[in-house]
Amino acid sequence: MFEAFLYAGFGAMAFGWWGANTAAGRRRFDGMAAIVPIGALVLGTLLFAAGLFLFVRR
């Protein structure tokens with residue numbers, strides 16, 4: 001069960017990092033659209049932390 005949270009969290013964090021920290025991502029998400037990768041980075045971090053919590057609690 002916790003694996004799904006870890007995979008989804010890591011995927012969202014990778015997308016958020018790409019969108020916020022690479023030249024191609026900054027070109028794709030400029031202006032007001034920049035909230036998308038930042039939100040994905042935050043959501044991915046929360047999902048990954050939830051997966052780690054479920055892993056420790058099992």
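If one takes the longest principal axis of the Cα atoms in the chain, at what angle in degrees, from 0 to 90 and to the nearest 10, does the Cα axis of helix 35-57 lie?
10
Sequence gap at least 6, Cα distance under 8 Å: using those rules, report the relative contact order of the chain to the nearest whole percent.
51
Would you mind calculating the gained length between residue 38 and residue 52 on full extension (0.36 nm times residue separation, minus the Cα-Cα distance), in nm to one decimal?
2.9 nm
Please determine, in degrees from 0 to 90 and to the nearest 10, the orientation of helix 2-21 with respect to the longest principal axis defined by the Cα atoms of the chain, where the helix direction is its Cα long axis.
20
Laboratory data are not the source of any read-out in this text; all were calculated from the coordinates shown. Because the structure is a prediction, the values reported are computed rather than measured.
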